[in-house]
Amino acid sequence: MFFCTLLIALYSFIAINNSFNSFDTSDPQEIVIDEVVGQMLPLLAIPIYETLYIAPKEYYCIAAFILFRLFDIWKPFPINYVDKNTEGSLGIMLDDILAGIYSIIILIIIFFFIGA
């Protein structure tokens, strides 16, 4: 799954770079592959969550989705800085990648304390 996520992320950089000039905004709503890559990151950590707290995988998936959307909308630092100051395909992708990483960190903390 990690290799698949990496391939999709690399392809996304290329695809966004090739289509970026046809849009008028810096982060077009029509481009959603960045959201897919960002959401895939917390799902990659499901084996880590399972070692900390045994629950059905659906709980991990739902929690990962909710936290990713929360961080993607809220954009805490440094996500908001990257979103405003990084342009092009890197800027479009990086804010969602950071939201995914934040989700992983929070989920590990949550499941560690629930499972302790």
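The values are calculated or read from the model by the stated rules, or taken from the named source; none is laboratory data. Just so it is clear, the structure is predicted and the values come from calculations on it, not from any experiment. All Cβ positions, glycine included, derive from the backbone under ideal geometry; neighbour counts span all protein chains shown.
Things worth noting here:
- Flag for Ile105 being at pLDDT 90 or above and not charged (D, E, K, R): yes
- Taken as a whole, segment 7-18 holds no residue that is touching a Phe, Trp or Tyr at 6+ places or on another chain (Cβ under 8 Å) and of a type outside the set (S, T, N, Q).
- Members of segment 70-116 found to be in a helix (DSSP H, G or I), without any contact (Cβ under 8 Å) to a residue 60 or more places away in the chain and within 20 Å of Tyr53 (Cα to Cα), listed by number: Tyr102, Ile105, Ile106, Ile109, Ile110, Phe113
- Whichever residue in segment 67-96 is of a type in the set (A, V, I, L, M), surrounded by 13 or more Cβ atoms within 10 Å (Cβ to Cβ) and over 20 Å from Phe20 (Cα atoms) and, among such residues, is modelled with the lowest pLDDT: Ile79
- Subset of segment 23-59 that is polar (S, T, N, Q) and without any contact (Cβ under 8 Å) to a residue 24 or more places away in the chain - its residue that is nearest to Lys75 (Cα to Cα): Gln29
- Boolean, Ile14 is over 14 Å from Ile106 (Cα atoms) and crowded, with 17+ Cβ neighbours inside 10 Å: no
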